[in-house]
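What follows is a short report on a single structure.
The values are calculated or read from the model by the stated rules, or taken from the named source; none is laboratory data. From a predicted model like this one, the values you see are computed outputs, not experimental measurements. Virtual Cβ from ideal backbone geometry, glycine too; neighbours counted across all protein chains shown.
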Amino acid sequence: MSAKSRRGRPVLHGVTVVALLAGSAYLTVNLRKDEQAKAPEVQVITNIPHLRLGSARAIASEKWERLRNPDRSVLRIGDGDILATFTDGARTATLTGPSRTFDEPASTSSRVVTENWVRLMPEAWTKGAEKEQWFKNWFKEYYGSEQDDLLAIAFQYVEGAQVRRDAEGLPYAGDADYGPLNPDSGKGESEGLRLEESDFYDYLGIPYTFGDGTTKQPEAARYRSIDCSGFIRTVFGYRGRYPLAAADGADGGLPRTANGMARSTVGVNVIRLSGRAPHYERPETIGVLQPGDLVFFKLDAWTKSRLDHIGMYLGTDTDGHQIFISSREEVNGPTMGNEGGASRLDGDGYYATAFRSAKRL
């Protein structure tokens, strides 16, 4: 896409980053004062659900229900509030928890206030899995937990997000760029085009060996950068531990590109690609979406039949719009903002009209 980029941000140099250690204690380094002022409030706890799982009232009224389109299991309190949703074939679970506000005041007036916490289970859901021990153990650990979920993790890479470090003092999160300047664009830092193909290992600055034995080397120029699919692979894969494939068509996990993810067999297609190539059709209804779903777009005519952009659905904002977050060239990194097109799936805006399909991992 031809678009202007925001002013480049400082980049950390000369650091060799290692993989995030499980259970590490996180430290925060000081950023410049202007960056701290812009840092989004991404986990504001506004209230706690009045009914906790495990209480006498909850145990007496828990009820499992099966729903269709997509096939899924829902845990309710009696016939009322939903505590959790689990989709057949997907590892993504949506749990009800403390209310949070996600926003980016510097780039949009949208505010997503949600009680949805999106987490990855160790196994894909199947009908009746609520009776299995692996699920009981997992649910006991994570229902009501305020550990970072996938939504919170996504906002740890937006503009102004503070650098986070593992127990060895090495950074694994913080303000991410989209990619380095394209030297062939003929434009300066403030308006130059950005290169795609920055993945999570480029952002981290470390070599990474995938499950099939393929090792990818980071490029120094792409340090602290993740393109749209690289952002999703960072959130779900590197941080969430969803298996990652080395490339499109490779076995063993989430493919490298938006098109590869959309057309792969991983996860569950909650909104299927419809219509004819190269343009396909915008879905007629999108109410089936739930926070954490991957959303796919067809933005550029030159990509022919390929889907060329991906984001993560956040939910409905306080104005009733369906909002997503993605890494994009226009703002040089992850955002739920409006530059280059409002991050909405409803209406007739740039991204809304380009929306084509959705998947639940």
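Side notes on the structure shown:
- Residue check: Ile226 meets all listed conditions (1) closer than 26 Å to Lys359 by Cα; (2) out of contact with any helix residue (DSSP H, G or I) (no Cβ under 9 Å at 6 or more places or on another chain) but one, namely (2).
- Taking the criterion of being free of Cβ contacts under 8 Å to residues at least 24 places away in the same chain and over 20 Å from the mean Cα position of the chain (by Cα), the residues of the range 275-294 that qualify are Gly275, Arg276, His279, Glu284, Thr285.
- Residue count for the range 254-265 satisfying the condition of being of a type in the set (Val, Ile, Thr) and at pLDDT 95 or above: 1.
- Selection from the range 243-261 of residues that are touching a residue at least 60 places away in the same chain (Cβ under 8 Å) and in a strand (DSSP E or B): Leu254
- Checking the stated criteria, Gly292 turns out to be at pLDDT 95 or above and either among the basic types (Lys, Arg) or at positive phi (or both).
- Among the residues of the range 332-349, at least one is more than 17 Å from Val112 (Cα to Cα), surrounded by fewer than 22 Cβ atoms within 10 Å (Cβ to Cβ) and in contact with a Phe, Trp or Tyr (Cβ under 6 Å, 6 or more places away or on another chain).
- Selection from the range 294-327 of residues that are surrounded by fewer than 22 Cβ atoms within 10 Å (Cβ to Cβ) and polar (S, T, N, Q): Thr303, Ser305, Thr316, Thr318, Gln322
- Some residue of the range 298-306 being closer than 27 Å to Gln156 by Cβ, at pLDDT 95 or above and among the aliphatic types (A, V, I, L, M): no
- Pairs where the first residue, in the range 99-110, is farther than 17 Å from Glu339 by Cα and the second is crowded, with 20+ Cβ neighbours inside 10 Å and aromatic (Phe, Trp, Tyr), C-beta under 9 Å, 6+ apart: Arg100/Trp117; Phe102/Phe155
- For Thr209: the one exception among (1) under 15 Å from the mean Cα position of the chain (by Cα); (2) surrounded by fewer than 22 Cβ atoms within 10 Å (Cβ to Cβ): (1)
- Selection count, the range 85-112, where residues are touching a Phe, Trp or Tyr at 6+ places or on another chain (Cβ under 8 Å) and β-branched (Val, Ile, Thr): 4
- Filter pass, Arg282 being in a loop (DSSP other than H, G, I, E, B) and at pLDDT 95 or above: no
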